[in-house]
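The values are calculated or read from the model by the stated rules, or taken from the named source; none is laboratory data. Please read these numbers as outputs of a predicted model, since none were measured by experiment. Reconstructed Cβ throughout: ideal geometry from the backbone, glycine too, with neighbour counts over all protein chains shown. We work out accessible area using only protein heavy atoms, side chains counted, and drop any ligands, DNA or RNA first. Shrake-Rupley method; radii C 1.70, N 1.55, O 1.52, S 1.80 Å.
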Amino acid sequence: MTVATVTVEEAAAWLQAGAPPTWYAEHDGAHAGLVLGSPLPQAPRPGMTPGIGPFWISELFVVPDHRRQGVGTALVRHVEGWVRGQGGTALRLHAQAGSEPFLAALGYARSDSLRERRLA
């Protein structure tokens, strides 16, 4: 299985246009899934090293024919490594129905501290 990004030139143009960081997975020569997210800048605070704040995974999708073959795990682990390399210390996401066992197996804890208010 391969987890890749677009070329450096494509990524630079993509990010300059405001697109979020995106990775995709190939498995057995076919597109198998993708993950995209949003690095949140860390507000400057006295005594804190600048870096990114929590990284939000806004989309994690694995093609149904490629599920339960390590594609989702490879994507998440790849993003974790990238976030660490950027100085980030946390990943967050909204769990979809049925994803709790997968996320728990990867070490993601349920958080009761997140609050949301729908405005529309």
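Residue order by solvent-accessible surface for His31, His66 is His31, His66, largest first, with ligands and nucleic acids left out and a 1.4 Å probe. Approximating the spin labels as points 7 Å out from Cα along Cα→Cβ, the Gln96-to-Thr73 distance works out to 2.0 nm. Run the Debye formula on the Cα coordinates of segment 58-120, all scatterers equal and no solvent, and tell me log10 I(q)/I(0) at q = 0.23, 0.29 1/Å. For segment 58-120, the Cα-only Debye profile gives -1.14, -1.44. So if we plug the beta-carbon distance of Ala105 and Leu40 into 1/(1 + (r/R0)^6) with R0 = 25 Å, what FRET efficiency do we get, rounded to 0.05? According to the calculation, E is roughly 0.45.
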